[in-house]
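J.: Please read through the structure below; I'll follow up with questions.
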Amino acid sequence: MSTLPVEAIREFSERHPKPGHLTYQYGTAGFRTLGNDLDSVMFRVGVLAGLRSKRLDGRTIGVMVTASHNPEPDNGVKLVDPRGEMLEASWEGHATVLANASNTSAFVEALETLVKQLKIDLSKPARVVYARDTRPSGPALVGALEDGLKALGVEARNAGVTTTPILHYLVRAINTKGTKDTYGDDSAEGYMQKLSSAFKKLIAGKPASPPLLVDCANGVGAEAAATLSRYLGESLSLILHNTATTTSGALNHACGADFVKTQQKLPPSLAAHLKPGQRACSLDGDADRLIYFYLDERSQFHMLDGDKIAALVAAFIVDLVKAAGLEEEIRVGIVQTAYANGGSTKYLAERLPVRCVPTGVKHLHHAAEHYDVGVYFEANGHGTVLFSPETQAKLAEHQPSTPAQSTALTHLVNLTNLINQTVGDALSDMLLVEVVLVHRSYGAFEWDSLYVDLPNRLVKVVVADRNIFKTEDAERRLVSPPGLQARIDELVRKYEAGRAFVRPSGTEDVVRVYAEARVRAQADELAYRVAGLVYDETGGDPATRPA
Ligand code: G16
């Protein structure tokens, strides 16, 4: 068994010293903070990704450099495991330990401990594929990552500037190449080809939809959407907006899925373009979230978020499973988080099994794997559908007994190709929504009418230390600070259909407060009153005390 290349690691590590005053944490979606503070983290993640690959016998690990929906000066990095899923939870702890080693010697020591503890065979090959989004801090951070990969002698592949979901796709495609589970050609073209050809098959013979307006958040999704649009040709016309990927400060600014979801309004840049009744959608900064919206005939804004997408898609799949004659054999289930609107949970729970898990794709993804077909969406628009390996085998083997069954079965098989099953994917989800709308002959209004959302409000509170906030029951209740949950409960009881919860963000240095109630003014009031309780508890920054 060979040993760690300590000399090379030391040499490179000296070029990427850890700032003494910072503590890092691998959170909801990896490490995320100001791009300027991430140099040492990137280097160390490069080494860690190599070790993860060696531990998994040389299977390819993905590294994505992005801060997704966060402001442009932020950046981040997350690791992708061989099947395209998020890094195994136990390694998040290892990542945090390595990132916080105070200097080169401490880092090397932590690496040696890790290698011993996990019995990593260092003679195995290490393979990593990496990509970044369009943030200005990206190139330098990728340089630091590459130093980490070089230090360990990793066989590295640079996937360039691309979306998070394409990177996840590539990881799975590389690792399944030439096997019976092959996921597609391991290139961005392979991804475009796979999605667009499944889409064309699914809508064949149906009337063409009116053009769809796409807000690309001035992020990396703009480039991917433009390419996808070429592959789609006449099958779907996309009108792309907010594609200024090189304009300083434009990324996620007053546009994108997070803006639409949290502000509950139209990106101002679309106001002159969106006609009443027309469908539009927003991607986020790395194109892994999707929110639809439309204006009604009085030009009132209506949002179709992740919950609405889940309801639309799940009902469609259930109907196809029935139509294919597989109702008894394939169980469809839903996974949501505490942020799911009470209206959606009620609608879905009357039809399907529903589970609630903590925020973060990794939690939703794992829970969805327990169903034959698991539909998971966060209200913020992050989600996908997973078909278990047994379900995919059933779909391949099932002998339909009528032409109608045969058609439904073919649609289901095509859906397994249309949907990016590795992670939430705004472009793949957009095509999925478009398929369902065409099949149902729905416009945005009919889709919106599936159920009525309870008015809700999400606010952020800046506090001195968000780590004092600890939750239980899938983040629906606080266990710390002591006594705060009882005060929230007392407040919530005063509101009809009131519900509220408080949780620390895993991607920003804030505490999030969510509230819903029967009427808009009450939902807003409840959110701000709970935020006030949080603020008073912790003595947050007076400038940020909720009004
Ligand atoms: C990430 C995660 C999502 C999560 C979101 C917000 O999204 O992948 O699962 O909902 O952060 O998390 P938090 O409330 O903990 O800050 P993205 O799109 O930023 O990668």
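J.: When you go through 475, 496, 525 one by one, which is the residue that is buried (at least 19 other Cβ atoms within 10 Å of the Cβ) and either more than 18 Å from residue 308 (Cβ to Cβ) or within 16 Å of the ligand (Cβ to nearest atom) (or both)?
T.: Among 475, 496, 525, only 475 is buried (at least 19 other Cβ atoms within 10 Å of the Cβ) and either more than 18 Å from residue 308 (Cβ to Cβ) or within 16 Å of the ligand (Cβ to nearest atom) (or both).
J.: Residue by residue through region 1-55, note down the ones that are without any contact (Cβ under 8 Å) to a residue 40 or more places away in the chain and farther than 23 Å from residue 126 by Cβ.
T.: Scanning region 1-55 gives 19, 21, 22, 37.
J.: Of the residues 118, 111, which is surrounded by fewer than 21 Cβ atoms within 10 Å (Cβ to Cβ) and among the aliphatic types (A, V, I, L, M)?
T.: 118
J.: Output the residue which, of all residues in region 459-483 that are part of a strand (DSSP E or B) and touching a residue at least 40 places away in the same chain (Cβ under 8 Å), is nearest to residue 260 (Cα to Cα).
T.: Of the residues in region 459-483, the ones part of a strand (DSSP E or B) are 459-461, 470-472, 477-480.
Imposing the further condition that a residue be touching a residue at least 40 places away in the same chain (Cβ under 8 Å) reduces the set to 459-461, 471.
On the way: 459: 14, 460: 15, 461: 19, 471: 27 Å.
Across region 459-483, the extreme among qualifying residues is 459.
J.: Quick one: residue 461 ticks every box in (1) out of contact with any Ser or Thr (no Cβ under 8 Å at 6 or more places or on another chain); (2) within 30 Å of residue 527 (Cα to Cα) bar one, so which box is it?
T.: Exception for residue 461: condition (1).
J.: Only strands (runs of 3 or more DSSP E) wholly contained in region 270-312 count here; list those with 2 or more residues that are touching a Leu at 6+ places or on another chain (Cβ under 9 Å) and crowded, with 24+ Cβ neighbours inside 10 Å.
T.: Qualifying strands (runs of 3 or more DSSP E): 280-283, 290-295.
J.: Does residue 43 satisfy the condition of being touching a helix residue (DSSP H, G or I) at 6+ places or on another chain (Cβ under 8 Å), assigned to a strand (DSSP E or B) and crowded, with 22+ Cβ neighbours inside 10 Å?
T.: So residue 43 fails the test.
J.: Quick check on this structure: which one of 237, 229, 282, 197 is of a type in the set (S, T, N, Q), under 27 Å from residue 417 (Cβ atoms), within 16 Å of the ligand (Cβ to nearest atom) and modelled with pLDDT of 95 or more?
T.: 282
J.: Residues being part of a strand (DSSP E or B), within 16 Å of the ligand (Cβ to nearest atom) and among the β-branched types (Val, Ile, Thr): count how many of those fall in region 49-73.
T.: Residues meeting the conditions: 2.
J.: Let me ask something additional. Only residues that are surrounded by fewer than 22 Cβ atoms within 10 Å (Cβ to Cβ), small (Gly, Ala, Ser) and not in a loop (DSSP other than H, G, I, E, B): list them for region 10-34, please.
T.: Within region 10-34, just 27 meets the criteria.
Per-residue answers, yes or no, for (1) assigned to a helix (DSSP H, G or I); (2) in contact with a Gly (Cβ under 8 Å, 6 or more places away or on another chain):
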position	(1), (2)
429	yes, yes
434	yes, no
437	yes, yes
457	no, no
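J.: Right, here's the next one. Here is a list of conditions, (1) more than 14 Å from the ligand (Cβ to nearest atom); (2) under 24 Å from the mean Cα position of the chain (by Cα), and residue 76 meets all of them except one; can you say which number that is?
T.: Going through the list (1) more than 14 Å from the ligand (Cβ to nearest atom); (2) under 24 Å from the mean Cα position of the chain (by Cα), residue 76 breaks only (1).
J.: Okay, moving on. Sort through 329, 297 and tell me the only one that's more than 16 Å from the ligand (Cβ to nearest atom), touching a residue at least 12 places away in the same chain (Cβ under 8 Å), in the same structural domain as residue 440 (by TED's automatic domain parsing) and of a type in the set (D, E, K, R).
T.: Testing whether each residue is more than 16 Å from the ligand (Cβ to nearest atom), touching a residue at least 12 places away in the same chain (Cβ under 8 Å), in the same structural domain as residue 440 (by TED's automatic domain parsing) and of a type in the set (D, E, K, R) leaves just 329.
The values are calculated or read from the model by the stated rules, or taken from the named source; none is laboratory data. The shown structure was predicted, so the numbers you read here are calculated from the model rather than taken from an experiment. Cβ sites come from the backbone with ideal geometry, for glycine too, and all protein chains shown count toward neighbours.
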